[in-house]
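The structure under discussion appears below in the form of structure tokens.
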Amino acid sequence: LRAQNQVLKKGVVDEQANSSALKEQLKMKDQSLRKLQQEMDSLTFRNLQLAKRVELLQDELALSEPRGKKNKKSGESSSQLSQEQKSVFDEDLQKKIEENERLHIQFFEADEQHKHVEAELRSRLAALETEAAQHQAVVDGLTRKYMETIEKLQNDKAKLEVKSQSLEKEAKECRLRTEECQLQLKNLHEDLSGRLEESLSIINEKVPFNDTKYSQYNALNVPLHNRRHQLKMRDIAGQALAFVQDLVTALLNFHTYTEQRIQIFPVDSAIDTISPLNQKFSQYLHENASYVRPLEEGMLHLFESITEDTVTVLETTVKLKTFSEHLTSYICFLRKILPYQLKSLEEECESSLCTSALRARNLELSQDMRKMTAVFEKLQTYVALLALPSTQPDGLLRTNYSSVLTNVGAALHGFHDVMKDISKHYSQKATIEHELPTATQKLITTNDCILSSVVALTNGAGKMASFFSNNVDCFIASLSYGPRTAHRFIGPPAAECMLQYKKSAAAYMKALRKPLPESVPYEEALADRRVLLSSTESREGLAQQVQQSLEKISKLEQEKEHWMLEAQLAKIKLEKENQRIVDKLKSPSSGPLAGPAQENAAVVNAAGQDEAAVKAALEPVQSAGLIGILTRTSDSEVPDAESREDLIKNHYMARVVELTSQLQLADSKSVHFYAECRALSKRLALAEKSKETLTEEMKLASQSISRLQDELTTTKRSYEDQLSMMSDHLCSMNETLSKQREEIDTLKMSGKGNSKKNKSR
């Protein structure tokens, strides 16, 4: 803006000087114009006076003429006097006329000069007005531009202020992040250094050799398996196999129908013997299947060698060499039959049935056959080059793979073009031969068959060329698929070893692939651990409960065996006593006095036995209730004893059941309370540990808070300094803006003055 301002100042000064000079010139022209105007006015006034005087003289002359007639007879003195006056007037009139003419000429010249000067001045005034308008437009544009720049600078100032505030916040965040990153970096550095030392020690102790140092060893590493790449390559190979099969079928038909044509044209072998040349040519053509069929077999073997488990690159496609050899043998066959084919066409041209048009078609076909053989040779050369990496790795550099593949595509397109020419020329030849009067139906049919085989060859060649062109990028990209760190496979043996290693590695991985057992999720395991730590039935409490239960069970088993023996003994005693009583009751020698005593004794014994039985039944049930109840049906003769025994038994059994239930409840409560006490003690220990860790973390947090406060104070100071510097910078920018505004105002004033002057002009 300052530079433009200086330029505008210079332009304004120059325009002011030009305008002042033009003003002076305008003043001079105005003065001269005024002088001429005054002269013009004086001349017009003088002319009017002279015109009036002439009129007066004419009137006097008119009046004097009749008087002269009347006074002719007056004296000669008066006539002479009038004649003298007339001569004087004539001279004076002549002088006035001359002067008037001269004044008219001067007036005309002055008028013309005035018009010319006025036109020049008007043109200059128009130019000056346009220049002034242009300068005013420039000044207006500059003022608008300066105002826009001022507004833009003000907006930039506001944005910078907002940006400075956001940058301050970001700076704070960045400092916090940098501290965290520094800590993380320090931890990572320590961790990585430890890992590096551990890895170096493991490598030095465990690794026998470095297989990545030498390319000979590194080429044996198994590359990453790309199943998608292998499936795509197999798909491409399958498509190529289909195209080769179609091409082989078309070639077989072409050679076979060519052999049939030789047998019937130009001489039919059924009528006359054909020439030795055609006989030899027919013999060679009869062997075409032994050369064409291997092409399909070689391509089939190549397709079968590309599987999902292999690595498909040029170094591993060994079957491409066999296909190249079969193609070489077919090229030898073409070279062998080419001279005979050319001679056969020449023989057809020399026959009497051949016309000039047919001769021209035969010459074109001979050139096409040469081109076809040359194209096949070119294609065989490039296929042989592609087969070299699988047999001789130094025969073809890896950098030349892409160019060889591109040339293969070009050769296929050339083969398609040659087959189109052959199809075109052979169709023309067939139409000409069909018009011959000696053309037989067998010849027409054979020509149609040959033409159909040629069309099939053309279509197959076109499909193969387009297929290769579409997939050449995929072929070029697949060349880089190999070992991860090695630049290439060293050779076919290394590639074969790599494939064997790949198979063994795949078998090993398959053997390792076993279904994983179901594991408990991590969150569920953590929850179970918390339950184990805080549960009332911890492992130790349960172990103690199990131990106590086992002791009780053993004691109860011992008591059971003891009371079982006691019960058996009591049963035996009871049976003996009952038998004795029965015997006494049945004995006839027993007297009436002895009966009541014996009955009383029996009753007492029975009561004692019942009490013993009840006691025997009470003790084991009272301990655990696992012994059971021993019952014995007494004789029907003692119903009172049985009822008494049942009442006692029921009472004690109910009492025993109640006591056992109370005892079991008390045991379970005691075990529960004991387990809860142990769990609470463990929780208390864990709470004390967590309290200690929290106190340590609190100390660290207080230290970090104090450190952050110190850093905050330092950052505040630094930001205050930066803000003061930014405020100074903004003040300086405001001063520059104010200066620029003043300059713009001055330019506006000067521009307005110039515009006013131009308007006045």
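The values are calculated or read from the model by the stated rules, or taken from the named source; none is laboratory data. Since we're looking at a predicted model, the values are computed, not measured. We place every Cβ from the backbone using ideal geometry, glycine too, and count neighbours over all the protein chains shown. Ligands, DNA and RNA are stripped out before the accessible areas are found, and what is left, the full protein with its side chains, is counted by its heavy atoms. Shrake-Rupley method; radii C 1.70, N 1.55, O 1.52, S 1.80 Å.
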With buried (at least 19 other Cβ atoms within 10 Å of the Cβ) and touching a Lys or Arg at 6+ places or on another chain (Cβ under 8 Å) as the only criterion, which of E315, E348 stands out?
E315
Restricting attention to the stretch 436-456, and to residues there that are hydrophobic (A, V, I, L, M, F, W, C) and touching a residue at least 40 places away in the same chain (Cβ under 8 Å), which single residue is surrounded by the most Cβ atoms within 10 Å (Cβ to Cβ)?
V454
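Here are L220, L200, L231: which of them is farther than 30 Å from A465 by Cα, modelled with pLDDT under 90 and surrounded by fewer than 16 Cβ atoms within 10 Å (Cβ to Cβ)?
Numbers: L220 fails: surrounded by fewer than 16 Cβ atoms within 10 Å (Cβ to Cβ); L231 fails: farther than 30 Å from A465 by Cα.
Just one listed residue meets the conditions, L200.
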Scan the stretch 550-563 residue by residue and report those that are out of contact with any Pro (no Cβ under 9 Å at 6 or more places or on another chain) and aliphatic (A, V, I, L, M).
L550, I553
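Quick one: how many residues across the stretch 126-136 are open to solvent by less than 70 Å² (accessible area, probe 1.4 Å) and within 15 Å of K9 (Cα to Cα)?
Within the stretch 126-136, the first condition is being open to solvent by less than 70 Å² (accessible area, probe 1.4 Å), and the residues that meet it are 126-128, 132-133, 136.
Those left that are additionally within 15 Å of K9 (Cα to Cα): 132, 136.
Number satisfying all stated conditions: 2.
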Quick one: how many residues across the stretch 1-38 are under 22 Å from H104 (Cα atoms) and open to solvent by 90 Å² or more (accessible area, probe 1.4 Å)?
5
Are any residues in the stretch 30-53 among the small types (G, A, S) and closer than 12 Å to K96 by Cα, and if so, which ones?
A51
Taking the stretch 313-329 and keeping only residues that are under 41 Å from the mean Cα position of the chain (by Cα) and among the aliphatic types (A, V, I, L, M), one is left with V313, L314, V318, L320
Filter the stretch 528-553 down to residues that are of a type in the set (G, A, S) and at pLDDT below 80 and give me whichever is most open to solvent (accessible area, probe 1.4 Å).
A543
Residues in the stretch 153-171 that are closer than 30 Å to R2 by Cα, open to solvent by less than 70 Å² (accessible area, probe 1.4 Å) and of a type outside the set (K, R): how many?
4
What about G194, is it loosely packed, with under 13 Cβ neighbours inside 10 Å, under 30 Å from L22 (Cβ atoms) and not polar (S, T, N, Q)?
no
Given (1) open to solvent by less than 80 Å² (accessible area, probe 1.4 Å); (2) touching a helix residue (DSSP H, G or I) at 6+ places or on another chain (Cβ under 8 Å); (3) closer than 29 Å to E720 by Cβ, where does I150 come up short, assuming only one miss?
(3)
Go through (1) touching a helix residue (DSSP H, G or I) at 6+ places or on another chain (Cβ under 7 Å); (2) under 30 Å from L231 (Cβ atoms) and name the single condition K429 misses.
(2)
Pick from the stretch 54-82 the residues that are modelled with pLDDT under 80 and open to solvent by 100 Å² or more (accessible area, probe 1.4 Å): which of them is farthest from E98 (Cα to Cα)?
K73
Output the residues belonging to the stretch 242-254 that are without any contact (Cβ under 8 Å) to a residue 60 or more places away in the chain and either closer than 17 Å to Q341 by Cβ or touching a Gly at 6+ places or on another chain (Cβ under 8 Å) (or both).
L252
I'm told T273 meets every condition in (1) among the polar types (S, T, N, Q); (2) free of Cβ contacts under 8 Å to residues at least 24 places away in the same chain; (3) under 26 Å from V418 (Cβ atoms) except one. Can you identify the failing condition by its number?
(3)
Being open to solvent by less than 100 Å² (accessible area, probe 1.4 Å) and more than 60 Å from the chain's Cα centre (by Cα) is true for just one of A675, A687. Which residue is that?
A675
Restricting to the stretch 457-475, and then to whatever is crowded, with 16+ Cβ neighbours inside 10 Å and modelled with pLDDT under 90, can you tell me which residue is nearest to E435 (Cα to Cα)?
N471
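How many residues are closer than 14 Å to G298 by Cβ and among the acidic types (D, E) if we restrict to the stretch 310-358?
Count: 1.
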Can you name the number of the only condition in (1) in contact with a Pro (Cβ under 9 Å, 6 or more places away or on another chain); (2) under 15 Å from V383 (Cα atoms) that C354 fails?
(2)
Scan the stretch 172-180 and give yes if some residue there is modelled with pLDDT of 85 or more, over 30 Å from M725 (Cβ atoms) and open to solvent by 100 Å² or more (accessible area, probe 1.4 Å), otherwise no.
no
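Can K669 be described as open to solvent by 90 Å² or more (accessible area, probe 1.4 Å), in a helix (DSSP H, G or I) and at pLDDT 80 or above?
Yes.
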Part of a helix (DSSP H, G or I), hydrophobic (A, V, I, L, M, F, W, C) and either at pLDDT below 90 or in contact with a Leu (Cβ under 6 Å, 6 or more places away or on another chain) (or both), is that true of V267?
no
